[in-house]
């Protein structure tokens, strides 16, 4: 076993930075006077996430394996190491005034976001199933707590408990899968599993292990039929946290899913993914059609979007993987933005979350309405937004692999989806306000968050080339993981 | 200049929209800025016909640079068909700004921002030669138009906006599927219109695939045209839209549908288009007659004009699918004519609405006495729409009917009845509004149109006359490009007897005989 070098530390630098800032927030919290705003800690955490992004860019020169081949830094991992802290940063920006308004004065909130982020980014760089499991737990436990942060409302506590019970059940499935995989291949390292499976025949044990891991991860990405918790949890949890947990853990779980399905050389899962994709899209979109609560509507929409990503999984190959990676980024930008608007508009005690409350928003708060329109158009998949390009890429990948039926179902679904997103736009611009809801003025922090998310959404739609190239690189690395040559080169880079 | 002109024309309105967003909310300044921007775009677009020369390649002023990855290009170019449609667009937008001068008084900034963004998208549709780019512009017209209807329309505006959006959106998904299919099957993968057309002409796609592809494009365009029985969104959208919205909807957005039919359905799948032509022509003729009959019984002025659009666009579709050079030339010319005359009708209807806040015909009568100037303009426009010789409508209808008779006598005979019907409903409408006694006392004191309104109508009246007498000026480039678009069918079916008809009718000489 090689000794630990400085390179090992650099290859987990973003995780270290986030942990350090998280601990600092926890230590400073009791030193601040009780009952006062914790805005300063929020800003500290914001700096932490930005530092983590910088650290991820620093890693560009340190590709390779670390920590006894448990962590692998490559374009794929760096992609998620930039994406996930960026999500956290926007959520923190959106939380600053939210917490003040809801009178939640606790620093742990920000600490938990940072710790959750640590878990999520580690999931994308870990190539050892046990480490992945630990990272998954770190991220999950933080989000379980965060979901229940509106302690005074029963619905938030309900949300937290539901999420916790079902979530721990799901991770148990994942762990069971890991154990069976170990039984089948005598290893928990993804490259070694890939090598062990090599060109062996289909084995029921490996298939069972894969299926169990799929259940665990399917829960995290809210793919049908493991989606039932989503609407309730999203409805109860604080809105900025919904922005966080509907994008961050999903991106991380997709990263793991990509590594497991395409890196580990396992086979036989095609129809599982196919069925799950169809169910997710259909249930998500049909469910969203009948919602009157904006949070619930977006919850169902996030189920549907998980379905679109799974279409890319079913397509496989380099183009499918690229599409899946790109989709997570586009989805993160638009969904974080949409929930940020919802969290601002909801006001004290999250009073205003029904679609009718949004009537006339275009007149009363042009910025909120305009940015929300961009996010919704992107969720529909209108050209020039990230959502359109991502969807286009997914469906062209599926067509290229001749998944005609999956494409048709997907396209029909996105046509249905247009209706419920459009309804919100219609209400905002074309109805006169029925009640006298005056949205509170948008603070600079919130407007920064919204504008950043809107710019990211448009950027991914108008000039996606750079991100796309990077996603392609990541896709190539993941699909090469199973070949021996890649491991060898990675190992030499290590020295 | 040649490489930049199309980009310039397309994106001047976008630049203007961004400028407007940054301006403070001073309604007067915003109106003037929007007017100046749109006139500027028109001025630049005037360069196109002067620099255009028919005797060379298919597309002029081409730009082709990679946009996303290797496959998706920013490929723009104009031929004789798209050039005039772009000019129609840039010509009408300033007039649209003028008619909205007073009628839009709430959320003025948003209105003109949307209006200018819509202009960019419409111009882009006509100029895009990369199918991905085309789809992007195509969908981009949807949002501003739906918002214009939904935010500034009349009572049932939300219903109309949502219906418009869903109809078009769902239909264009089929087109997207067809474009994606073409992309994944061409080798190397490409979205380029010219390349894909070559690939198809080489007979690379199976007959079954071509049938589905044809239908995919056809549905998207047929909804936009709108072809009977997919027209039901149109009356709702028109009646509820603000005047400037109706103007662009009728004059330009519907042309996107017929343009698409010509450029893609006929241009890319000529043999299949010819195979499907019979039932398409039947639908077009049903549209002509049905639209006219429904227009005849409308008590509502705007609805009447909307159904007259269904009827007139039926002519255009018929012209395209006669597969004769004359017929197709006439169809393109009729697209421009309809843009001018129906656009003018909607503007005139809007002016009446501003005065009395109703479109009901029964609320008017005898207006020729209090509003003589208005009545004169209205008469010119009605006559141009009816197809009076020396005015523009006649040229297009004549050529289309010429083509229809060459194709099948029965098509020509039935379509010609549409000309009579249009005279009935338009002249009867004119009579009910302007002649007879003044039944409503308050109509006696209706103010005639003012200077601003006259300025917005003069260009249209002049163009109606110019296009009526000087059609060869426009027809030369149209004829050449229509030939280029439809030539592929010669390659595919040299023995087909229809191909003989291609050279039989020379529209320029046909015109000179008049």
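Quick notes on this one:
- With respect to being crowded, with 24+ Cβ neighbours inside 10 Å and either within 14 Å of another protein chain (Cβ to nearest Cβ) or touching a strand residue (DSSP E or B) at 6+ places or on another chain (Cβ under 7 Å) (or both), residue A:387 fits the description.
- Restricting attention to the stretch A:393-424, the residues that are facing chain B (nearest Cβ under 8 Å) and more than 19 Å from residue A:284 (Cβ to Cβ) add up to 3.
- Output for the stretch A:373-386, where each listed residue is under 19 Å from the mean Cα position of the chain (by Cα) and at negative phi: A:375, A:376, A:378, A:379, A:380, A:385, A:386
- Leading residue by the ranking (nearest to residue B:94 (Cα to Cα)) among those in the stretch B:25-69 that are within 14 Å of chain A (Cβ to nearest Cβ) and out of contact with any strand residue (DSSP E or B) (no Cβ under 7 Å at 6 or more places or on another chain): B:25
- Residue A:244 vs. criteria touching a helix residue (DSSP H, G or I) at 6+ places or on another chain (Cβ under 7 Å) and surrounded by fewer than 24 Cβ atoms within 10 Å (Cβ to Cβ): no
- Qualifying residue in the stretch B:409-419 (condition: closer than 23 Å to residue B:93 by Cα and crowded, with 22+ Cβ neighbours inside 10 Å): no
- Elements of the type helices (runs of 4 or more DSSP H) sitting completely within the stretch B:127-194 and holding at least 2 residues that are under 26 Å from residue B:349 (Cα atoms), within 11 Å of another protein chain (Cβ to nearest Cβ) and touching a helix residue (DSSP H, G or I) at 6+ places or on another chain (Cβ under 8 Å): these cover B:142-152, B:157-185.
This table checks each residue for (1) touching a helix residue (DSSP H, G or I) at 6+ places or on another chain (Cβ under 7 Å); (2) surrounded by fewer than 24 Cβ atoms within 10 Å (Cβ to Cβ); (3) part of a helix (DSSP H, G or I); (4) more than 10 Å from chain B (Cβ to nearest Cβ).
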| residue | (1), (2), (3), (4) |
| --- | --- |
| A:334 | yes, no, yes, yes |
| A:338 | yes, no, yes, yes |
| A:367 | yes, yes, yes, yes |
| A:372 | yes, no, yes, yes |
| A:391 | yes, no, yes, no |
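- Check on residue A:324, within 13 Å of the chain's Cα centre (by Cα), at pLDDT 90 or above and over 24 Å from residue A:112 (Cβ atoms): yes
- Checklist (1) within 14 Å of another protein chain (Cβ to nearest Cβ); (2) under 22 Å from the mean Cα position of the chain (by Cα) applied to residue B:72, failing item: (2)
- Enumerated helices (runs of 4 or more DSSP H) restricted to the stretch B:1-117, each holding at least 1 residues that are modelled with pLDDT of 90 or more and crowded, with 24+ Cβ neighbours inside 10 Å: B:5-22, B:27-45, B:80-103
- Qualifying residues in the stretch A:219-229 (those that are at pLDDT 85 or above and more than 15 Å from residue A:132 (Cβ to Cβ)) - the one surrounded by the fewest Cβ atoms within 10 Å (Cβ to Cβ): A:225
- Here residue B:113 meets the list (1) under 18 Å from residue A:374 (Cβ atoms); (2) over 17 Å from the mean Cα position of the chain (by Cα); (3) within 10 Å of chain A (Cβ to nearest Cβ) almost entirely, failing just condition (3).
- Against the conditions (1) more than 14 Å from chain A (Cβ to nearest Cβ); (2) assigned to a helix (DSSP H, G or I), residue B:204 satisfies every one except (2).
- Any hit, the stretch A:143-151, residues being part of a helix (DSSP H, G or I) and surrounded by fewer than 16 Cβ atoms within 10 Å (Cβ to Cβ): no
- Some residue of the stretch A:195-210 being part of a helix (DSSP H, G or I), farther than 28 Å from residue A:65 by Cβ and without any contact (Cβ under 8 Å) to a residue 40 or more places away in the chain: yes
- Condition check for residue A:445 on (1) within 11 Å of another protein chain (Cβ to nearest Cβ); (2) under 30 Å from residue A:325 (Cβ atoms); (3) surrounded by fewer than 24 Cβ atoms within 10 Å (Cβ to Cβ): one failure, at (1).
The values are calculated or read from the model by the stated rules, or taken from the named source; none is laboratory data. All values derive from a computational prediction rather than experimental measurement. Cβ coordinates were reconstructed from backbone atoms using ideal geometry, including for glycine residues, and neighbour counts include every protein chain displayed.
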